[in-house]
Amino acid sequence: QVQLVESGGGLVQAGGSLRLSCAASGRTFSNYAMGWFRQAPGEEREFVTAIRWSGGSTYYADSVKGRFTISRDNAKNTMYLQMNSLKPEDTAVYYCAAGRIATLLKSESDYWGQGTQVTVSS
């Protein structure tokens, strides 16, 4: 089992920045690809970004390319999401996830965090 805990969400004005963190415990963190997903009210959960276990390859949804950056520190068992130039449409609950990269890219995962709210005001 892998336990995931997100932090860093909050309220920010449009154009601002936030950094989310996902702390992992349990099975070896570095064995897993990691990803971020988000779910807005009334919407389905959607893929945001993912990173391979080595950190060597990253993947982004078109809607966040150039604005969001995913990274991980395997020594700290932590993944990050730097979000810049935030827009009101980025408002959602953000979830971190762990699993195989092929699974994450299909918006599926073996393990999920509880989510952290990000609200972007206009």
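The values are calculated or read from the model by the stated rules, or taken from the named source; none is laboratory data. Computed from a predicted structure; not experimentally measured. All Cβ positions, even for glycine, are placed from backbone atoms using ideal geometry, and neighbour counts span all protein chains on display. SASA here: full protein model, heavy atoms, side chains in, ligands and nucleic acids out. Shrake-Rupley method; radii C 1.70, N 1.55, O 1.52, S 1.80 Å.
Annotations
- Scope segment 11-37; condition farther than 14 Å from G99 by Cα and loosely packed, with under 13 Cβ neighbours inside 10 Å; matching residues: L11, Q13, G15, S17
- Any hit, segment 85-97, residues being under 13 Å from the mean Cα position of the chain (by Cα), open to solvent by 40 Å² or more (accessible area, probe 1.4 Å) and among the polar types (S, T, N, Q): no
- G55 vs. criteria open to solvent by less than 60 Å² (accessible area, probe 1.4 Å), in a loop (DSSP other than H, G, I, E, B) and closer than 14 Å to T78 by Cβ: yes
- Tabulated pairs, segment 19-33, first more than 30 Å from S85 (Cα to Cα) and outside any strand (DSSP E or B), second open to solvent by less than 60 Å² (accessible area, probe 1.4 Å) and β-branched (V, I, T), C-beta under 6 angstrom, 6+ apart or interchain: R27/V2
- Complete set of residues in segment 72-122 that are part of a loop (DSSP other than H, G, I, E, B), out of contact with any Gly (no Cβ under 7 Å at 6 or more places or on another chain) and within 20 Å of T58 (Cβ to Cβ): N74, A75, K76, N77, N84, R100, L105, K106, S107, E108, G113
- Residues located in segment 109-122, provided they are within 11 Å of the chain's Cα centre (by Cα) and open to solvent by 40 Å² or more (accessible area, probe 1.4 Å): W112
- Yes/no for K106 being open to solvent by 50 Å² or more (accessible area, probe 1.4 Å), closer than 23 Å to Q1 by Cα and of a type in the set (K, R): yes
- In segment 1-10, residue surrounded by the most Cβ atoms within 10 Å (Cβ to Cβ) [restricted to those that are modelled with pLDDT of 95 or more and part of a strand (DSSP E or B)]: L4
- The one condition from (1) more than 16 Å from T119 (Cα to Cα); (2) surrounded by fewer than 17 Cβ atoms within 10 Å (Cβ to Cβ); (3) at pLDDT 95 or above; (4) touching a helix residue (DSSP H, G or I) at 6+ places or on another chain (Cβ under 9 Å) that A40 does not meet is (1).
- Pairs are defined by a Cβ separation below 9 Å, a sequence spacing of at least 6 or placement on different chains, a first member in segment 64-78 that is in contact (Cβ under 8 Å) with a residue 40 or more places away in the chain and surrounded by 14 or more Cβ atoms within 10 Å (Cβ to Cβ), and a second member that is in a strand (DSSP E or B) and small (G, A, S); the pairs so defined are N77/A23; N77/A24; N77/S25; T78/S21; T78/A23; T78/A24.
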